[in-house]
Structures are given as C-alpha cells and as structure tokens.
Ligand SMILES: NC(=O)c1ccc[n+]([C@@H]2O[C@H](COP(=O)([O-])OP(=O)(O)OC[C@H]3O[C@@H](n4cnc5c(N)ncnc54)[C@H](OP(=O)(O)O)[C@@H]3O)[C@@H](O)[C@H]2O)c1
C-alpha cells in the first residue's frame, strides 16, 4: 500500500517524531495547489487564512480528515464534505487566548490605552482606575479556553460565575443569563459561533448589565450585535475590549475605531509564541492516532 498523503502547513520535522507510514508535503493551497491534491488523505490547512483554505476541498477526492489549527470551525465547517472527519484545534489556543483575555481585562480596567495615548504626547496623567480585584466575572463559555481563563483569573481575588450551553455542577446554562447578567462586573465571551450564539449579546443582554460593566469578546465578532454595543459605548455606560469583530479586518471607517471605552486587538488571541508548540503537539498526536487507526481527538460531530 502506498503511504497515505498528509498536507501540512509547516515542515514535518517540527512534529518531532512524525509517524512512519505517512507521506508529507508542505502546502499552502491558497498560494499553489500541487497535482497531488487528489491523493491527500489528511489535510491541515494553514492557520488564519479564513474560508479560502476550503476552496481546495472539492479537489481532494480521497480526503479522510481535516485537522484545523483553529478552535473555531465556523468558517470551514459548511465546506467539509459529508464523510470527511473534521477535527478542530481545541487545546492549541487555551494558553495564548486565556493570556490575551486577561490582558484585555486588566488593560481596560486599569486604563492602559489612556496611559499609552498620554505617553505618545509626553504627558504624565495619573488617575484612579477600577481594579480587577473584588469584581464579579461572568465567563460565557466554559470549555477549554474558558477554563484556562478561569485558572488565570482566580489569583486576582475575583468571584467567577461559569456559563455554558448545558448546565452541570458549578456551571449555569446560557438560558439563565438574564438572571446572571445584572450582577456581572466583567463578562468574558468565549463561545463558538453557532446559530445559538450569533447575536447572543444584543441590546437586552447589554441593558441587563450594571453601569460600568466591561464586556470582553475573545470568541467571534458575530456573537455581539455591533449596533447594540455601540449604543451602550456611546453613552459611556459600558466599556468593552474585543479581539474579534464582525467584519474582520475592521474597515477604516467603521465606528468601532472611535467608540469611547473600546479597546480593540486585531484577532490575535492565538497569535503568540505559545501557539506553535501546542499546535505541533496536537497535530503529531493526531497523526499518530490516524496512522495507528485509533480514534482522533476533537472530532466535530455536534452542531458546533
Ligand atoms: N480570539 C481568538 O483568537 C480565539 C482563539 C481560539 C478560540 N477562539 C474562539 O473561542 C471559542 C471557544 O473555544 P474553546 O476551545 O474553549 O471551545 P470549547 O472547548 O468547545 O468550549 C466552548 C464552550 O462554549 C459553550 N457554549 C456553546 N454554545 C453556547 C451557548 N449558546 N451559550 C453559552 N455557552 C455556549 C460550550 O458549552 P458546553 O460546555 O455546555 O458544551 C463550551 O463550554 C472557539 O470556538 C473560537 O470561536 C477565539
């Protein structure tokens, strides 16, 4: 039997000990599609190229597995043919995204953007700011990244409330949000984009938050209704920090750029030195499982 072909977005040497019995090619199909496309069995698309990485899928007639490096597969899922196993990058981004979520929370509360602006003008502008200590933090999404955020939050002397899709011990269901929102000083969104979560943060969600609350979005932009958020920011009642926006990139004339109390990072939750070692570990483990005919991790079998 000829070795099964794997397309990787990085050199196989980075996998430490890639399993034998597989053949590797390093390909970015958004740049060039090699003639071997019909032989690909296991496809790891390049990171963060968006849905363009799906354009090649109809040519992959022998495809068995798509392994993404992203945790969210909302862009890719509709394009993966029936019978092909889709695995996400759950776990790759926990550390990096949790670190960014904490960075956004702390920067917003302590006013780092205003100090940076003042520094640019060579101005010394001391002032009092809210601390993270003593805040009630609502985590909307308590999966791999949500739990990693919680681990980093707890040493800051906060009270954490967890919300997920389904209720379980210590975790509320999202249907309970209307009762939970009025006592949330900080809300961190870290859910997948699904039919249920699209527009979850609408005018009613935001209106239920107390004055001065901070909304942090490290999930997907479309989880938040932009107009509803802008309306709250314009009055100065709420503040927000978003790593993800709908649309991305944010157009130059978008009102978000000048919205008061809004801190924007350009979808960089995963984009740090912490990502690649974890990405290589996950892909290596998956390829060993695939080569041995074992069950794969992170198979996306539900509706998200
Ligand atoms: N900013 C970035 O660069 C970046 C990086 C990585 C990931 N992300 C985003 O973060 C998302 C989460 O990643 P993850 O690895 O933590 O995923 P995960 O382990 O699958 O966890 C997802 C969590 O969201 C919850 N959830 C699903 N639908 C919900 C709803 N309607 N209301 C409330 N909670 C709901 C799930 O509930 P159950 O536990 O009940 O299933 C689960 O707790 C990704 O899908 C991606 O969109 C962003």
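The values are calculated or read from the model by the stated rules, or taken from the named source; none is laboratory data. Computed from a predicted model, the values in this text were never measured in an experiment. Here the Cβ positions follow ideal geometry from the backbone for every residue, glycine too, while neighbour counts run over all protein chains shown.
Looking at 252, 195, 232, which is the one that is in contact (Cβ under 8 Å) with a residue 40 or more places away in the chain and not assigned by TED's automatic domain parsing to the domain that holds residue 73?
The match here is 195.
Taking helices (runs of 4 or more DSSP H) that do not extend beyond segment 72-174, which have at least 3 residues that are closer than 30 Å to residue 61 by Cα? Outline the logic, then answer.
Values: elements: 94-110, 112-120, 144-153.
Here the list is empty.
For the condition under 22 Å from residue 192 (Cα atoms) and surrounded by fewer than 14 Cβ atoms within 10 Å (Cβ to Cβ), what is the one hit in 71, 52, 20?
Residue meeting the stated conditions: 52.
What is the one condition in (1) closer than 23 Å to residue 231 by Cβ; (2) within 9 Å of the ligand (Cβ to nearest atom) that residue 138 does not satisfy?
(2)
Restricting to segment 157-194, name every residue that is out of contact with any strand residue (DSSP E or B) (no Cβ under 9 Å at 6 or more places or on another chain) and within 23 Å of residue 100 (Cβ to Cβ).
Correct list: 157, 192, 193, 194.
Which residue is surrounded by the most Cβ atoms within 10 Å (Cβ to Cβ), if the candidates are limited to segment 77-105 and must be in the same structural domain as residue 279 (by TED's automatic domain parsing) and touching a strand residue (DSSP E or B) at 6+ places or on another chain (Cβ under 7 Å)?
Among residues in segment 77-105 that are in the same structural domain as residue 279 (by TED's automatic domain parsing) and touching a strand residue (DSSP E or B) at 6+ places or on another chain (Cβ under 7 Å), the one surrounded by the most Cβ atoms within 10 Å (Cβ to Cβ) is 87.
Could you please find all residues in segment 47-71 being assigned to a loop (DSSP other than H, G, I, E, B) and within 16 Å of the ligand (Cβ to nearest atom)?
47, 48, 49, 68, 69, 70, 71
Which residue pairs have Cβ atoms closer than 8 Å, lie 6 or more positions apart in sequence or on different chains, and pair a first residue in segment 168-179 that is under 19 Å from residue 201 (Cα atoms) with a second residue that is more than 10 Å from the ligand (Cβ to nearest atom) and part of a strand (DSSP E or B)?
Within 8 Å, the pairs are 172/161.
Within segment 6-17, can you find the residues that are surrounded by 14 or more Cβ atoms within 10 Å (Cβ to Cβ) and either more than 23 Å from residue 51 (Cβ to Cβ) or modelled with pLDDT under 95 (or both)?
The answer is 12, 14, 15.
Residue under question is residue 218, and the condition is that it be touching a helix residue (DSSP H, G or I) at 6+ places or on another chain (Cβ under 6 Å), in the same structural domain as residue 147 (by TED's automatic domain parsing) and surrounded by 20 or more Cβ atoms within 10 Å (Cβ to Cβ); does it hold?
For residue 218, the condition - touching a helix residue (DSSP H, G or I) at 6+ places or on another chain (Cβ under 6 Å), in the same structural domain as residue 147 (by TED's automatic domain parsing) and surrounded by 20 or more Cβ atoms within 10 Å (Cβ to Cβ) - is met.
Please find, within segment 231-248, the residue that is nearest to residue 182 (Cα to Cα) out of those that are away from the ligand (no atom under 14 Å from the Cβ) and surrounded by fewer than 17 Cβ atoms within 10 Å (Cβ to Cβ).
Among them, the one singled out is 237.
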